[in-house]
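The values are calculated or read from the model by the stated rules, or taken from the named source; none is laboratory data. Quick caveat, the model's predicted, so the values are computed rather than measured. Please note: Cβ atoms are built from the backbone with ideal geometry, for glycine as well, and neighbour counts cover all protein chains shown.
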Amino acid sequence: MSEKQFQTPNRSHDGCGCGCSCDNSNIDAILAKYNNDRGRLMDILIELQDSEGCVGEEAIAKIAEVFNMSRVDVVQTLSFYHFFSQKYRGKYTVYLNDSAVAEMMGRDEIAKAFEEEVGCKFGSVNEDGNIGLFSTSCIGMNDQEPSAIINQRVFTKLTKEKVAKIVKGMKNGDDVEDLIGTDVQSNILLQGPILTKDTELGDAIRKAISMSPEEVIEEVKQSNLRGRGGAGFPTALKWRFCRNADGEKHYVFCNADEGEPGTFKDRVILTERPQLLFAGMTIAGYAIGSDEGILYLRYEYKFMEAQLKEVLQQLRDKNLLGKNITGKEGFDFDIRIQFGGGAYVCGEESALLESAEGKRGEPRDRPPFPVVKGYMQQPTAVNNVETFCSVAKIMHKGAKWYRSLGTLDSTGSKLVSVSGDCQRPGIYEIEWGFTVQDVLNLVGAKDVQAVQVGGPSGKCIAPNEFNRKLAYEDLATGGSIIVINNDRDLLNDIVLNFLDFFIEESCGSCVPCRAMTVQYKRKIEKILAGKGVKKDIDQMLSWEKVMHMNRCGLGQSACNPVISTIQNFRELYNSKLQKEEYVSQFDLAAAIKESCETAGRIPNLGGNHE
Amino acid sequence: MSKVLITIDGKGFLADSEKTVLEVARENHIYIPTLCNLEGIKPQGSCRICTCMIDGRMMTACTTPVNNGMVVVTKTDELDKLRSKIVELLFAEGNHFCPACERSGNCELQALAYLYKIMVPEFDYIFPNRDVDATHPKLILDHNRCILCKRCIRRKKEAENPTWFVFENRGNHVKINFDHELTADMDDEMAQKAMDTCPVGAIIRKEKGYDVPIGRRKYDLHPIGSDIEGKE
Ligand SMILES: Cc1cc2nc3c(=O)[nH]c(=O)nc-3n(C[C@H](O)[C@H](O)[C@H](O)COP(=O)(O)O)c2cc1C
Ligand code: SF4
Ligand code: SF4
């Protein structure tokens, strides 16, 4: 590549009205690029933020005018996402990951180094407006933490020395490309049926279109494939519902939001096997009767954009995308990339569709389900990256082959992303049915206190359960496995971090999701401060039911870090509690001391007060 | 419109297939508590208080369309307990000093707290630092009392083009806002409508207030839901 992929935008920061001074000279061009289409608001905001470092008042006014929206309505979408800001975030914007594993790998020290070198605190921009420092939720690099995103480019395994070099380069005005070499590693440490390169380009698609769409769905059904995004819904059933739903147009969506902390397998697929993913999406298009696929890609993975677009173009050139694919009259299908703006909840499929429509990523009420009323109210099949790859392999090698892998209820293989306290963090493609201990042996984990299976929304299990199987029928996982050794303070390093994550990432609609998470945090802090009593534990357990009233999976599982650690590490909690059943935090004697003195009274408190 | 047969709390009802569980329950004088719901505006299950057991699962009555053969349980001790926890959470999350509030006695949140006989929430009061925006000529927006139900946002918007009320931020930083410029010419009737849409005292009309004396306010006389249950 002769031209640099990551140049530093000329954020002139002049007169945008945010209190800063950028010029917004390109806003008309950006609006025109998206045909002044309100539905593409996300793209417009992304381009403005990236080119200007903020979406200031003037830009908001212009967007509002063109789309006949109120200004507050533009802010309504804008303010939902991490990576958009009405305030200037600097010519270089550093987003340092604050996931639990990043903390375990020394994030605090790196944060300090950045603050010292740059000369401002996290959450702010330095004096000359050159560099902004911000924190962000897991960026999908747990196997190479601490890591940060600077103007779309990812820097991994940060050290103080690297930070010094990076900051020096930024102060010097260097292109991000030249700051230091980046080294996003794929770390594929075990290949299985999906990652093994034995499917030639076009094989799977040709096989699929030699059959009827119904036959394709039937083949997927025979494979017993279930969704790999976490919920495990049977893929064939989803496609059948979608195919049978009436609509002007059907859509295929690939969910590449990969926000569950500790998951990074979709990133590796997207960098290493994008052709397989696009083949799977194309097959889905054929099966449900759709001519448009959309890859919803988290903003954190913006660094892949050029490569993915190149792959898409190659596929078009080979007639594996576009019109009359592989010569099949009437089978048209193409794929575009839709970026998110930084919001974990957008991984929830209906929130993802809202976001893709240019709105706040708030999950929808169901029914109706996306297969009936999805993107633009049309029937839409949303599947995970890995699900599509599995489909492509199933098409190529047959349902029977696929069924021979894994267990009876969980057929096939699973990519797990392993991180935390182990020697070999990375991607392992295992067959379903492996035990947690099998995985620990593979990754070289010793002295293990706990394993977090399925990310914060999953479960934290203790050694006595390490013989449990990874399978839908036992321990289901979307792919995140975090190993926690005995040196860690489980409550402080893990539970509290996860609660902060949910508090930050809730869309804020449902009362229990928005407010109870904060209450859980208060309780854990109380216990960590040595002030907890048994009643606190009982209350936290009793609140679980209230959390199940939430609308979507985020809120329904946001109490899991607490509940599963209480269940599996009760002793740890007990050791931090006060002995008494109930300890009042209110000191009556102290509270009335002054007034009693003034009145010359000796209070009769009737108890053991002094 | 086709008809379906559904069972609510053990009794069978014939219902329009297009209606929600909440609507059908109401028509049949069964009160399911709500906060974010308001007749005439599109439901969005966000307060979660109307959660019922629907075919054995916890689902919000306001958003779930009826189905033939559906079995709904609207009231159990456990459901009431869970609902009361949501009411408590709302008190703990905001700043509600009822005696000084214009909506006291006419406030759905307060009325639900009475219904569930809530004395002291088991939750920590958060005492958040929230603003009061009194810069608009007709309305005061008191974020301390806002329960983020979005009724003002979802209210049918004939006059509101483009959108007046919106949600901002996310997580526990969400708040409502409205476009001061577009609403600058709002007349008294519209201001009253905006206030009436709010279940609590977060949207308050300027220049007029406390006009119903204590003792004659809406919920002084009848507990919330009694109009639906029809037992005055
Ligand atoms: C809060 C939340 C976040 C989610 N994040 C993702 C995600 O990042 N990727 C994903 O594929 N599915 C995610 N899901 C699951 C999706 O809602 C959906 O079930 C999935 O994309 C369907 O695809 P599948 O059937 O292929 O698994 C998430 C769900 C919730 C509730
Ligand atoms: S559960 Fe949480 S994230 Fe999901 S819709 Fe409700 S508030 Fe939003
Ligand atoms: S809004 Fe309702 S609950 Fe809040 S202070 Fe006013 S009367 Fe009390």
request  = State whether one or more residues within the stretch A:345-366 are of a type in the set (Val, Ile, Thr), on the phi < 0 side of the Ramachandran plot and not in a helix (DSSP H, G or I).
outcome  = no
Meets criteria (within 14 Å of chain B (Cβ to nearest Cβ) and either at positive phi or β-branched (Val, Ile, Thr) (or both)) for A:VAL55 = yes
message = For the stretch A:247-273, give me each residue that is basic (Lys, Arg) and within 28 Å of A:GLN377 (Cβ to Cβ).
response = A:LYS249
ask   = Does the stretch A:38-46 contain any residue that is in a helix (DSSP H, G or I), in contact with a Lys or Arg (Cβ under 7 Å, 6 or more places away or on another chain) and assigned by TED's automatic domain parsing to the domain that holds A:ARG11?
value = no
remark   = With criteria (1) within 16 Å of ligand 2 (Cβ to nearest atom); (2) under 27 Å from A:PHE233 (Cα atoms), A:VAL453 comes up short on (1)
query = For the stretch A:556-573, how many residues meet the condition of being surrounded by 13 or more Cβ atoms within 10 Å (Cβ to Cβ) and away from ligand 1 (no atom under 16 Å from the Cβ)?
reply = 10
inquiry  = Please count how many residues of the stretch A:166-181 are touching a helix residue (DSSP H, G or I) at 6+ places or on another chain (Cβ under 8 Å) and surrounded by 15 or more Cβ atoms within 10 Å (Cβ to Cβ).
reply    = 6
task = Among residues belonging to the stretch A:217-232 that are within 16 Å of ligand 2 (Cβ to nearest atom) and buried (at least 23 other Cβ atoms within 10 Å of the Cβ), point out the one that is nearest to the other protein chains (Cβ to nearest Cβ).
result = A:GLY230
message = I need the full set of residues from the stretch A:512-522 which are facing chain B (nearest Cβ under 7 Å) and farther than 14 Å from B:ILE126 by Cα, in order please.
response = A:PRO512
request  = Would you tally the residues in the stretch B:150-174 being facing chain A (nearest Cβ under 9 Å) and within 15 Å of ligand 3 (Cβ to nearest atom)?
outcome  = 0
task = Provide a single number: the residues in the stretch A:557-610 that are in contact with a Cys (Cβ under 8 Å, 6 or more places away or on another chain) and without any contact (Cβ under 8 Å) to a residue 12 or more places away in the chain.
result = 1
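Here is a yes/no grid of residues against (1) crowded, with 24+ Cβ neighbours inside 10 Å; (2) more than 16 Å from ligand 3 (Cβ to nearest atom); (3) over 15 Å from the mean Cα position of the chain (by Cα); (4) aromatic (Phe, Trp, Tyr):
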| position | (1), (2), (3), (4) |
| --- | --- |
| A:GLY280 | yes, yes, yes, no |
| A:ASP291 | no, yes, yes, no |
| A:LEU312 | no, yes, yes, no |
| A:ASN319 | no, yes, yes, no |
| A:ASN324 | no, yes, yes, no |
| A:GLY330 | no, yes, yes, no |
| A:SER355 | yes, yes, no, no |
| A:PRO368 | no, yes, yes, no |
| A:VAL382 | yes, yes, yes, no |
query = Just one of the numbered conditions (1) farther than 30 Å from A:GLU580 by Cβ; (2) of a type in the set (D, E, K, R); (3) away from ligand 1 (no atom under 16 Å from the Cβ) is not true of A:LYS523; which one?
reply = (1)
ask   = Can you tell me which residue in the stretch A:261-310 is farthest from ligand 1 (Cβ to nearest atom), limited to those that are among the small types (Gly, Ala, Ser) and touching a Lys or Arg at 6+ places or on another chain (Cβ under 8 Å)?
value = A:GLY289
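Each row is one residue, and each column tells you yes or no for (1) more than 24 Å from the chain's Cα centre (by Cα); (2) within 23 Å of B:LEU35 (Cβ to Cβ); (3) among the small types (Gly, Ala, Ser); (4) not assigned by TED's automatic domain parsing to the domain that holds A:THR435.
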{"residue": "A:ILE481", "(1), (2), (3), (4)": "no, no, no, no"}
{"residue": "A:ILE484", "(1), (2), (3), (4)": "no, no, no, no"}
{"residue": "A:LEU496", "(1), (2), (3), (4)": "no, no, no, yes"}
{"residue": "A:ILE503", "(1), (2), (3), (4)": "no, yes, no, yes"}
{"residue": "A:SER509", "(1), (2), (3), (4)": "no, yes, yes, yes"}
{"residue": "A:ARG514", "(1), (2), (3), (4)": "no, yes, no, yes"}
{"residue": "A:THR517", "(1), (2), (3), (4)": "no, yes, no, yes"}
{"residue": "A:TYR520", "(1), (2), (3), (4)": "no, yes, no, yes"}
{"residue": "A:GLU525", "(1), (2), (3), (4)": "yes, no, no, yes"}
request  = Return the only residue of A:VAL154, A:VAL167 being under 20 Å from A:GLU109 (Cα atoms) and in contact with an Asp or Glu (Cβ under 7 Å, 6 or more places away or on another chain).
outcome  = A:VAL167
task = Check whether at least one residue in the stretch A:481-492 is over 24 Å from A:VAL453 (Cα atoms) and among the basic types (Lys, Arg), and report yes or no.
result = no
task = Can you confirm whether the stretch A:450-461 contains a residue that is farther than 27 Å from A:TYR344 by Cα and away from ligand 1 (no atom under 16 Å from the Cβ)?
result = no
task = Answer with yes or no whether A:ASP493 is out of contact with any Gly (no Cβ under 7 Å at 6 or more places or on another chain), among the acidic types (Asp, Glu) and within 16 Å of ligand 2 (Cβ to nearest atom).
result = no
query = Can you name every residue in the stretch A:473-503 that is closer than 17 Å to A:GLY426 by Cα and either within 14 Å of chain B (Cβ to nearest Cβ) or β-branched (Val, Ile, Thr) (or both)?
reply = A:THR477, A:ILE481, A:ILE482, A:VAL483, A:ILE484
key: Test result for A:GLN313, among the polar types (S, T, N, Q), closer than 25 Å to A:GLN5 by Cβ and away from ligand 2 (no atom under 16 Å from the Cβ)   = yes
task = Inspect the stretch B:175-183 for any residue being touching a Ser or Thr at 6+ places or on another chain (Cβ under 8 Å) and at pLDDT 95 or above and give the result as yes or no.
result = no
ask   = Does B:ASP55 satisfy the criteria of being surrounded by fewer than 19 Cβ atoms within 10 Å (Cβ to Cβ) and within 20 Å of A:MET547 (Cα to Cα)?
value = yes
